[in-house]
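The block underneath contains the structure these notes are about, expressed in structure tokens.
The values are calculated or read from the model by the stated rules, or taken from the named source; none is laboratory data. Small disclaimer: the values here were computed from a predicted structure and weren't measured. Glycine gets a Cβ as well: all are built from the backbone with ideal geometry, and neighbour counts include every protein chain shown.
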Amino acid sequence: MKMPQRTLRACVVLLLAAALAACGGNTPRLSSLPADAAILAFGDSLTFGTGAQPGASYPADLEKLIGRKVWSAGVPGELSAAGLARLPAALDYYRPRLLILCHGGNDMLRRRNDAQTAENLRAMIRIARQRGVDVVLIGVPKPGLLPSPPHFYAEIAKEFGLPYEGAALKEILRDNELKSDIAHPNARGYARLAAAVTALLKKSGAI
């Protein structure tokens, strides 16, 4: 028996809606950020913007895209243990509503233990949450022929229920036109990362 055309169209619309809901349903929800909310981008050289001119870092691009203040607290060369020690004072100083955490790359470059790096990231997330600060996690690729974030980033995001961006830096650092060296994007690459974070914030309901 042939299905009427109108019924067929309705079924297609319902299936598409269900598929879209399923895609968006995997992203943990965040509190909506007021227009005057502060965001803290915290990390190492990837947050600082090494490889691009001043003003072309991903936090600077992100601020333009989302229309909210994004403070950049990136320290080139910093290990995650030092970031863990630095974070409480940064949170107390900037008083953000949201922390964007992008750390651990220098641990990998210096061949530090992955398990300890993961524990340092967990501790940073706990510190932020104890202060009522939401967290977004960015996965940092391990250097190699095909750089990709270690599995512990996705595991931590799942463990804490965090919105997670694990693809952008991987794709950027595999594209010579988007990077300045083996470990850092160029201005175009940072713009691509800012766009990916913006998309994640929209999907999570933060903006």
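The residue that is surrounded by the fewest Cβ atoms within 10 Å (Cβ to Cβ), among those in region 47-81 that are touching a residue at least 60 places away in the same chain (Cβ under 8 Å) and β-branched (Val, Ile, Thr), is Thr50.
This table checks each residue for (1) under 19 Å from Ala195 (Cβ atoms); (2) modelled with pLDDT of 95 or more.
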{"position": "Leu16", "(1), (2)": "no, no"}
{"position": "Ala22", "(1), (2)": "no, no"}
{"position": "Pro34", "(1), (2)": "no, yes"}
{"position": "Asp44", "(1), (2)": "no, yes"}
{"position": "Lys64", "(1), (2)": "yes, yes"}
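Of everything in region 52-71, what is out of contact with any Phe, Trp or Tyr (no Cβ under 8 Å at 6 or more places or on another chain) and either of a type in the set (Ser, Thr, Tyr) or over 16 Å from Leu201 (Cα atoms) (or both)? Give them in sequence order. Gln53, Pro54, Gly55 - these are the residues of region 52-71 that are out of contact with any Phe, Trp or Tyr (no Cβ under 8 Å at 6 or more places or on another chain) and either of a type in the set (Ser, Thr, Tyr) or over 16 Å from Leu201 (Cα atoms) (or both). Filtered by the rule that a residue be hydrophobic (A, V, I, L, M, F, W, C), within 23 Å of Val70 (Cβ to Cβ) and touching a strand residue (DSSP E or B) at 6+ places or on another chain (Cβ under 6 Å), region 87-123 gives Ala90, Leu98, Leu99, Ile100, Leu101, Cys102. Taken over region 135-169, the criterion of being more than 12 Å from the chain's Cα centre (by Cα), of a type outside the set (Phe, Trp, Tyr) and not in a loop (DSSP other than H, G, I, E, B) is satisfied by Lys142, Ser148, His151, Glu155, Ile156, Lys158, Glu159. The single condition among (1) touching a helix residue (DSSP H, G or I) at 6+ places or on another chain (Cβ under 8 Å); (2) part of a helix (DSSP H, G or I) that Leu99 does not meet is (2). Among the criteria (1) under 26 Å from Lys203 (Cβ atoms); (2) modelled with pLDDT of 95 or more, the one Asn26 does not fulfil is (2). Residue selection: Asp181 satisfies the criterion of being acidic (Asp, Glu) and in contact (Cβ under 8 Å) with a residue 40 or more places away in the chain.
Entry remark, region 47-94: residues being among the charged types (D, E, K, R) and closer than 19 Å to Leu121 by Cα number 3 in total. When region 195-205 is filtered for residues that are touching a residue at least 12 places away in the same chain (Cβ under 8 Å), out of contact with any strand residue (DSSP E or B) (no Cβ under 9 Å at 6 or more places or on another chain) and either crowded, with 19+ Cβ neighbours inside 10 Å or farther than 23 Å from Gly51 by Cα (or both), the ones remaining, listed by number, are Lys203, Gly205.
Residue count for region 134-164 satisfying the condition of being touching a residue at least 40 places away in the same chain (Cβ under 8 Å) and among the β-branched types (Val, Ile, Thr): 3.
Residues in region 126-155 that are out of contact with any Leu (no Cβ under 6 Å at 6 or more places or on another chain) and surrounded by fewer than 21 Cβ atoms within 10 Å (Cβ to Cβ): 15 in all. Provide a single number: the residues in region 102-123 that are part of a helix (DSSP H, G or I), surrounded by fewer than 22 Cβ atoms within 10 Å (Cβ to Cβ) and free of Cβ contacts under 8 Å to residues at least 40 places away in the same chain. Looking only at that region, the number is 7. For the criterion of being crowded, with 19+ Cβ neighbours inside 10 Å, at pLDDT 95 or above and on the phi < 0 side of the Ramachandran plot, Glu165 passes.
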